[in-house]
Amino acid sequence: MLQFATLNRFNHILVQVRGRGDAYYQSDLVPKSHLIKDVNFDPLAYLIPKAKEKGIQVHAWVNTYLLWSSRVKPVQKDHLLYTHPEWLDQDNRMTMDIGKEMRKFNGGKNGNEGFYLSPNHPKVNSYLISVFKDLIENYELDGLHLDYVRFHDSEYGQNPGAIAYYRKYNGLTVDPAQMSQESIWSDHRRKAVTDLVRETKNLIESTRPQMELTAAVKPNLYQARERFYQEWDVWLAAGYLDKAVVMNYAKDLKDFAANIDIMYDNLPSKYRKKIVMGIATYNQPARHVVDKVKYTRVTRFSGISFFSYNVMVKNPRYFRSIKKILYPRG
């Protein structure tokens with residue numbers, strides 16, 4: 001991976017260190033991923049000095065609220081799915097049957113991405129901040145990258161503990177989701193996610209201030225805000241986020257361009273400079289990626305990221321034509 005990054009002149013790599021409520025690093029807080037067979041191996045500690053030698057910055061990519069997405073239960077007995085099932089988000093008020101919900105999962109094809117932590121539950125954000133603190137204090141990272149820093153979908157947020165907390169905090173006797181002031185309930189959910197981003201930024205500034213905070217965000221600003229309660233334009237404007245890595249993974253160039261139009265309509269140019277255009281490699285041929293790199297350059301976005309490296313591993317020739325466009329002078 002580092003050899004590929006060096007040869008192709010990448011200056012930042014986003015390495016996943018938290019997949020599904022687990023750790024691809026050493027932690028006393030989070031159970032180690034079952035994917036790491038050698039329990040003594042620390043992939044992150046191995047990688048960081050080797051990347052720094054080559055002048056490549058390492059950003060720890062963490063799946064934030066997404067906790068589990070499989071029909072098979074976690075092997076770790078101290079996984080949050082077992083230790084804090086009351087933190088799981090819901091799209092209804094029924095008592096959740098985890099086993100039954102698990103059997104519905106089909107790889108996300110029906111929009112069900114698995115189990116999320118409830119962003120508006122009073123204990124969840126503070127837990128995640130403690131996870132990030134552990135990571136930041138113990139590794140010389142150049143950045144922390146938040147993925148799935150949003151709600152599962154618009155109907156979520158109905159965790160019983162979160163509802164009870166909201167009612168108590170606001171002195172309500174009715175269910176907030178049934179209130180006529182739907183916008184107030186939506187604002188509350190947006191605030192829960194924004195609070196986590198803000199608190200993470202505060203943590204970084206007090207612990208390792210030279211580090212960058214980035215987030216993978218939905219490409220359509222309107223949909224990000226109204227459906228997933230992810231107001232990433234506000235995060236940029238408020239300085240909570242150093243860069244937004246926009247998951248502009250559309251295969252069709254028209255759709256890709258439409259997302260950029262919305263950014264132009266809503267973000268002043270000084271904030272557009274903080275956008276890294278995320279282009280997908282997993283769902284399209286290299287020639288279509290080339291078109292999107294060209295369009296990104298024409299629309300004056302300077303930062304580009306590619307998702308994901310897995311494609312290059314499977315097909316080493318994939319990146320050749322893309323590199324020619326990125327560096328036309330060789």
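The values are calculated or read from the model by the stated rules, or taken from the named source; none is laboratory data. Everything numeric here is computed off the predicted structure, so don't read it as measured data. Don't worry about glycine lacking a Cβ; one is built from the backbone with ideal geometry, like all the others, and counts go over all protein chains shown.
For the stretch 51-64, does any single residue satisfy the condition of being touching a residue at least 24 places away in the same chain (Cβ under 8 Å) and either out of contact with any strand residue (DSSP E or B) (no Cβ under 9 Å at 6 or more places or on another chain) or outside the structural domain of residue 10 (by TED's automatic domain parsing) (or both)? Checked against the condition, which is being touching a residue at least 24 places away in the same chain (Cβ under 8 Å) and either out of contact with any strand residue (DSSP E or B) (no Cβ under 9 Å at 6 or more places or on another chain) or outside the structural domain of residue 10 (by TED's automatic domain parsing) (or both), the stretch 51-64 yields at least one hit. Does residue 277 satisfy being surrounded by 14 or more Cβ atoms within 10 Å (Cβ to Cβ), under 22 Å from residue 14 (Cβ atoms) and in contact with a Gly (Cβ under 8 Å, 6 or more places away or on another chain)? Yes: the conditions hold for residue 277. If we scan the stretch 143-163, do we find a residue that is more than 22 Å from residue 21 (Cβ to Cβ), of a type outside the set (Asp, Glu) and either assigned to a helix (DSSP H, G or I) or not assigned by TED's automatic domain parsing to the domain that holds residue 27 (or both)? Within the stretch 143-163, one or more residues are more than 22 Å from residue 21 (Cβ to Cβ), of a type outside the set (Asp, Glu) and either assigned to a helix (DSSP H, G or I) or not assigned by TED's automatic domain parsing to the domain that holds residue 27 (or both).
For (1) of a type in the set (Val, Ile, Thr); (2) out of contact with any strand residue (DSSP E or B) (no Cβ under 6 Å at 6 or more places or on another chain); (3) within 21 Å of residue 15 (Cα to Cα), each residue gets a yes or a no:
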site	(1), (2), (3)
89	no, no, no
95	yes, yes, no
130	no, yes, yes
154	no, yes, no
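Residue 130 meets each of the listed conditions (1) modelled with pLDDT of 95 or more; (2) surrounded by fewer than 15 Cβ atoms within 10 Å (Cβ to Cβ); (3) in a loop (DSSP other than H, G, I, E, B) apart from (3). Kindly check whether there is at least one residue in the stretch 246-253 that is touching a Leu at 6+ places or on another chain (Cβ under 8 Å) and either closer than 16 Å to residue 264 by Cα or not assigned by TED's automatic domain parsing to the domain that holds residue 293 (or both). Scanning the stretch 246-253 turns up no residue that is touching a Leu at 6+ places or on another chain (Cβ under 8 Å) and either closer than 16 Å to residue 264 by Cα or not assigned by TED's automatic domain parsing to the domain that holds residue 293 (or both).
Determine whether the stretch 265-278 contains at least one residue that is among the hydroxyl-bearing types (Ser, Thr, Tyr), touching a helix residue (DSSP H, G or I) at 6+ places or on another chain (Cβ under 9 Å) and modelled with pLDDT of 95 or more. Taking every residue of the stretch 265-278 in turn, none turns out to be among the hydroxyl-bearing types (Ser, Thr, Tyr), touching a helix residue (DSSP H, G or I) at 6+ places or on another chain (Cβ under 9 Å) and modelled with pLDDT of 95 or more.
Identify all residues within the stretch 83-113 that are more than 24 Å from residue 165 (Cα to Cα) and buried (at least 16 other Cβ atoms within 10 Å of the Cβ); write none if there are none.
Applying the first criterion (more than 24 Å from residue 165 (Cα to Cα)) to the stretch 83-113 yields 99-113.
Those that are more than 24 Å from residue 165 (Cα to Cα) and buried (at least 16 other Cβ atoms within 10 Å of the Cβ): 102, 105, 112.
Looking for whichever is of a type in the set (A, V, I, L, M), modelled with pLDDT of 95 or more, surrounded by 14 or more Cβ atoms within 10 Å (Cβ to Cβ) and under 23 Å from residue 212 (Cβ atoms) here; the options are 44, 80, 67. Which one fits? Going through 44, 80, 67 in turn, just one is of a type in the set (A, V, I, L, M), modelled with pLDDT of 95 or more, surrounded by 14 or more Cβ atoms within 10 Å (Cβ to Cβ) and under 23 Å from residue 212 (Cβ atoms): 44.
Could we say that residue 154 is touching a residue at least 40 places away in the same chain (Cβ under 8 Å) and within 23 Å of residue 200 (Cα to Cα) here? Steps first, please.
Values: touching a residue at least 40 places away in the same chain (Cβ under 8 Å): yes; within 23 Å of residue 200 (Cα to Cα): no.
So residue 154 does not fit the description; no.
Of note, residue 46 does not satisfy the criterion of being in contact with a strand residue (DSSP E or B) (Cβ under 6 Å, 6 or more places away or on another chain) and within 27 Å of residue 13 (Cβ to Cβ).
Would you say residue 198 is exposed (fewer than 15 other Cβ atoms within 10 Å of the Cβ), basic (Lys, Arg) and assigned by TED's automatic domain parsing to the domain that holds residue 131? Don't jump to the end; show me each part of the working.
Numbers: exposed (fewer than 15 other Cβ atoms within 10 Å of the Cβ): no; basic (Lys, Arg): yes; assigned by TED's automatic domain parsing to the domain that holds residue 131: yes.
Criteria not met by residue 198.
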